[in-house]
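Take a look at the structure below.
Values quoted throughout were computed directly from the atomic coordinates according to the rules given, and no laboratory measurement underlies them. Small disclaimer: the values here were computed from a predicted structure and weren't measured. All Cβ positions, glycine included, derive from the backbone under ideal geometry; neighbour counts span all protein chains shown.
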Amino acid sequence: MYYLNKPVSSPKVIYIPKGSINKIITQMQSRNYNVSKLDILLLRLFGSPQSGWINIETTLNSRWDFLYKLTTAKAALQNITLIPGETTYIFLNQLADELKLNRDLLQKEYEQQSPYEEGAFTPNTYSLPIGITEKIVIKILLNESLAQMKNLSIKLFGMYNEKKWLQYVTIASIIQKESASIEEMPLVSSVIYNRIKKGMKLQMDGTLNYGKNSHVKVTPSMIKEDTSTYNTYLYSGIPPLPVCNVSFDAIKAAIFPAKSDYLYFMKSKDAKHDFTSNYSTHLSNIKRATK
């Protein structure tokens, strides 16, 4: 009874892997939870722990309560969707709002854990436990995103080269911001590569929709005043980092651009784009669109 009443400290929400009781206790020990081999025997009396996320509600429990909750508690999950083309700044706002987390702590954890300022998340719908900490939610999202990216890279190239992959994600982020549809993505990609090949600046508005500017309408004054490296009117080539988080469709378009001689595109009245290799035709398309 003395042993069962000893306190056990842990996060409120913890993850229990699938496997034997021995494996579960061993992993908890590796995470510095105050558990021992004796708990293996006790858990066999309580029953097998449930796998997945569990919410034990408090950070300090008696050993009896802690072991009991391992076998009975479950954490409520909430679906969070990261939309392709959304920036991390906006997504962290969404996480803070929907999971009732601290926005500043999310930003701090992202900056500490992520290798990149932008583009480290994979757009998807994630089931996250309510009550999770800011540190763990960022860790989960980054780990799952990296695993998905590595799997796609290995599928396409047979390997994962971090530096090369970041370059593709950066190009894909421009494609994501500029394209009106998945079907257009390879064409937008071809314009990017064609302009770079000819030594032309990209001059694409979407590169200015970074960070807080994700949904801001790009204006002539904004183009003139923004001196960041995202401004492709000011700097040649692609930005040093992605503009946003990108879909696999955009990444595939960045890797496999359409074969074309297009150098310009302009949004038409049907929300799609008119592509052309001739500047005079491009000017006509602009006049038609503005009318």
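Going by C-beta contacts inside 10 Å, put Leu141, Leu152 in order with the fewest on the left.
Result, fewest neighbours first: Leu152, Leu141.
In nm, what is the difference between 0.36 nm times the number of residues separating Leu105 and Arg31 and their Cα-Cα distance?
Full extension from Leu105 to Arg31 adds 24.5 nm.
For the stretch 127-201, state which trypsin sites (Lys or Arg not before Pro) are in a DSSP loop and have at most 14 other beta carbons lying within 10 Å of their beta carbon.
Answer by residue number: Lys198, Lys201.
What does the net charge come to around Ser247 if you take all other residues with beta carbon closer than 14 Å to its beta carbon, with K and R at +1 and D and E at -1?
Net charge around Ser247: -3.
Report the label-to-label distance for Lys198 and Lys155 in nanometres (one decimal), using points 7 Å from each Cα along the Cα→Cβ vector.
3.5 nm
List the GluC sites (Glu not before Pro) within the stretch 72-138 that fall in a DSSP loop (any state other than H, G, I, E or B) and whose Cβ has at most 14 other Cβ atoms within 10 Å.
none
About the Cα centre of the stretch 21-168, how large is the charge dipole given +1 on each Lys and Arg Cβ and -1 on each Asp and Glu Cβ? Please answer in debye to the nearest 20.
720 debye
If the chain between Ser51 and Ser127 were fully stretched, how many nm would it gain, using 0.36 nm times the residue separation less the Cα-Cα distance?
Extra length available between Ser51 and Ser127 comes to 25.9 nm.
Can you compute the FRET efficiency between Asp261 and Leu283 using 1/(1 + (r/R0)^6), with r the Cβ-Cβ distance and R0 = 22 Å? Round to the nearest 0.05.
Once the sixth-power term is evaluated, E becomes 0.80.
Order of Val13, Val216, Val137 from fewest to most other C-beta atoms within 10 Å?
Val216, Val13, Val137
Using +1 on the beta carbon of Lys and Arg, -1 on that of Asp and Glu, and nothing else charged, what's the dipole of the chain about the Cα centre, debye to 20?
Roughly 440 debye for the chain.
Find the Rg to Rh ratio for the stretch 77-156, where Rh is the Kirkwood radius over alpha-carbon pairs and Rg uses the same atoms.
Across the stretch 77-156, the Cα-based Rg/Rh ratio is 0.95.
Using all C-alpha to C-alpha distances in the stretch 7-72, build P(r) with 10 Å bins and read off the rounded percent in each one.
For the stretch 7-72, the pair-distance distribution reads 23, 67, 10.
Which one is right for this structure if Kirkwood radius over Cα pairs in Å is calculated from it: [x] 22.6; [y] 21.9; [z] 20.5?
Computing Kirkwood radius over Cα pairs in Å and matching it to [x] 22.6; [y] 21.9; [z] 20.5 gives [y].
Say the dipole of the stretch 101-215 comes from +1 at the beta carbon of Lys and Arg and -1 at that of Asp and Glu; which of Ile196, Phe121, Ala147 then lies farthest toward its positive end?
Towards the positive end, the residue furthest out is Ile196.
Distance cut-off 30 Å, Cα to Cα: go down the list Lys163/Lys197; Lys74/Lys139; Lys18/Lys164; Lys23/Lys164 and report the pairs above it.
Lys18/Lys164; Lys23/Lys164
What number, rounded to the nearest 500 deg cm²/dmol, is the helix-based mean residue ellipticity at 222 nm of the chain, given -39500 (n - 2.57) per DSSP H run of at least four residues and division by all its residues?
It comes out at -14000 deg cm²/dmol, rounded to the nearest 500.
So, R0 is 41 Å and r is the distance between the beta-carbons of Leu38 and Lys212; what FRET efficiency does that work out to, to 0.05?
So, using R0 = 41 Å, E works out to roughly 0.20.
In the stretch 1-87, what trypsin sites (Lys or Arg not before Pro) fall in a loop by DSSP, with at most 12 other Cβ atoms inside 10 Å?
Lys18, Arg31, Lys74
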